[in-house]
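Written below as structure tokens is the structure these notes are about.
The values are calculated or read from the model by the stated rules, or taken from the named source; none is laboratory data. Model, not experiment: these values are computed from the prediction. Cβ atoms come from the backbone with ideal geometry, glycine included; neighbour counts cover every protein chain shown. Areas reflect the complete protein model, heavy atoms only, side chains present, ligands, DNA and RNA absent. Shrake-Rupley method; radii C 1.70, N 1.55, O 1.52, S 1.80 Å.
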Amino acid sequence: MTDYTTPETQPVDTTIDHYLETLTDRSQLVVEPVLEEWREQFALEEFDAVDTDLCREYSRYLNRQVDRDDRELSAATAQTYFAYVRAFLSFAVRENRLDTNPADANRATELLPDDDGKRDRQFWTATERRVALEYCTRRVDSALTPPIAPTPIVRERLRNRAIVAVLGFTGVRGAEVFAVPGDDRRDGLTWADVDIDGNTLTVFGKSQSYQTAQLPDRAASALERYRRVLEPPTEAWPVFPTNHYPSKRRALTEAFSDERVETMLERRDIDEILREHELAPPSLSTNGVRSILKRLTAQLAGYTDAVEYDEDENVYLKPHGARRGLGHELYTKGSAELAQSALRHQSVDVTHESYSDIQTADVADRVGAVLEDDS
């Protein structure tokens, strides 16, 4: 369809489309979602609202996204995203949509996170993943060895092993599995989202759409064993329900009056009541799973030298570190496409960008080998 609008009357989304047409197909795949998020974040329709103050707010927004579990945005990536928007605004100037580029002003960029050129590569190594699983399995075996531990303890230990296995082998983001406070769309994985036989999980991805994540056998078997003991009364039950008592109580008060809740709790355990009435408690939150992993890492550090824990420096096995670790391992073994598939990157170019340090090291090794051959 022919676009008869003049540059002065083009809306922002139309100008974005025109800009993307100037890029290669690969660049479009990387740049388009960034520009669309920028436009939607500020509900931009016309260029009248695009000024230095808005660009400054975008810098602030990117700064807040850094190190969030549901974004995994590094300072370097935040700087890159801003550069994509700045390049688009330069195009808008050439299209007579703007007089000058507001993103070029110092005020626009001073709130961006500092990038010292060193990437945060906190990730689970293959050894850390193996040791964590071994430790969790020993804890499970100990709870199931006569005299068998009380059911809540058995469930907790099976849950912790399942958490490590799911994070360590599937490549999911923490925000795709656990509830994100303040985001009603990210309310945690339920058993309806788990297909153990089909080796898949259905998650609400970074793309703001539902995606299928792979579930390798070791993670699937950990979930299956955990489910047998958890005994979820419905498929809508969270895979990892919270142990936060006030949150579980809220699930009761949403269904019954305060007076009736008090009466029920005088006679029975809150978990029994929730199960009987099939009232699903909230999922464990991203904050909750970080606390679990901190405790687990502290225990592991006392168990083996292979795992580092530093409370003051916030060093522990973080949820997003499991995803980074899986991608890192697959990539270093020469499986860039497999890493892309496992991490659900939009294109293999995104995977290459995420692990560009590995490419650089590989090039250095190969250059060194060639120079040695010439000597």
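Observations on the structure shown:
- Selection from the stretch 67-81 of residues that are open to solvent by less than 30 Å² (accessible area, probe 1.4 Å), in contact (Cβ under 8 Å) with a residue 24 or more places away in the chain and touching a helix residue (DSSP H, G or I) at 6+ places or on another chain (Cβ under 6 Å): D69, D70, R71, A78
- The set of residues in the stretch 329-340 being under 18 Å from L215 (Cα atoms) and either acidic (D, E) or open to solvent by 40 Å² or more (accessible area, probe 1.4 Å) (or both) consists of E329, E337, L338, Q340.
- One residue from T77, T15, T22 being under 21 Å from S347 (Cα atoms), polar (S, T, N, Q) and in contact with a Phe, Trp or Tyr (Cβ under 8 Å, 6 or more places away or on another chain): T22
Matching residues to (1) under 30 Å from S221 (Cα atoms); (2) assigned to a helix (DSSP H, G or I); (3) not basic (K, R):
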position	(1), (2), (3)
A92	no, yes, yes
W124	yes, no, yes
T127	yes, yes, yes
A132	yes, yes, yes
V154	yes, yes, yes
A165	yes, yes, yes
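- A220 vs. criteria out of contact with any Pro (no Cβ under 8 Å at 6 or more places or on another chain), open to solvent by less than 20 Å² (accessible area, probe 1.4 Å) and small (G, A, S): yes
- Checked against the criterion of being in contact with a Leu (Cβ under 7 Å, 6 or more places away or on another chain), hydroxyl-bearing (S, T, Y) and free of Cβ contacts under 8 Å to residues at least 40 places away in the same chain, the candidates Y316, Y331 yield just one match: Y316.
- Test for P238: is it under 13 Å from L279 (Cα atoms) and either modelled with pLDDT under 95 or crowded, with 17+ Cβ neighbours inside 10 Å (or both): yes
- Selection within the stretch 165-214 - closer than 17 Å to V289 by Cα and either among the charged types (D, E, K, R) or open to solvent by 50 Å² or more (accessible area, probe 1.4 Å) (or both): R173, E176, P181, G182, D183, R186, D187
- Inspection of the stretch 210-233 finds no residue satisfying the criterion of being among the polar types (S, T, N, Q), in contact with a Leu (Cβ under 6 Å, 6 or more places away or on another chain) and either over 23 Å from E278 (Cα atoms) or without any contact (Cβ under 8 Å) to a residue 24 or more places away in the chain (or both).
- Within the stretch 127-155, tally of residues that are out of contact with any Ser or Thr (no Cβ under 7 Å at 6 or more places or on another chain) and either among the basic types (K, R) or under 17 Å from L300 (Cα atoms) (or both): 16
- Residue pairs meeting the criteria (Cβ under 6 Å; at least 6 apart or on separate chains; first in contact (Cβ under 8 Å) with a residue 60 or more places away in the chain, in the stretch 271-294; second surrounded by fewer than 17 Cβ atoms within 10 Å (Cβ to Cβ) and in a loop (DSSP other than H, G, I, E, B)): A280/A236; S285/P181
- In the stretch 287-308, the residues that are hydrophobic (A, V, I, L, M, F, W, C) and closer than 13 Å to V164 by Cα: V289, I292, L293, L296, L300
- Flag for T52 being touching an Asp or Glu at 6+ places or on another chain (Cβ under 8 Å), free of Cβ contacts under 8 Å to residues at least 60 places away in the same chain and of a type in the set (S, T, Y): no
- Residue in the stretch 22-36 that is open to solvent by 50 Å² or more (accessible area, probe 1.4 Å) and part of a loop (DSSP other than H, G, I, E, B) present: yes
- Residue in the stretch 22-73 that is farthest from G188 (Cα to Cα), counting only those that are β-branched (V, I, T) and modelled with pLDDT under 95: T22
- Scanning the stretch 109-146 for residues that are over 30 Å from R86 (Cα atoms), among the small types (G, A, S) and modelled with pLDDT under 95 returns a single hit, A126.
- Any hit, the stretch 90-110, residues being of a type in the set (S, T, N, Q) and farther than 22 Å from Y58 by Cβ: yes
- Unique match (being surrounded by fewer than 18 Cβ atoms within 10 Å (Cβ to Cβ) and modelled with pLDDT of 95 or more) among A149, A162: A149
- Failed condition for E278, given (1) modelled with pLDDT under 95; (2) assigned to a loop (DSSP other than H, G, I, E, B): (1)
- Residues of the stretch 316-342 that turn out to be farther than 21 Å from F178 by Cα and of a type outside the set (S, T, Y), as a count: 10
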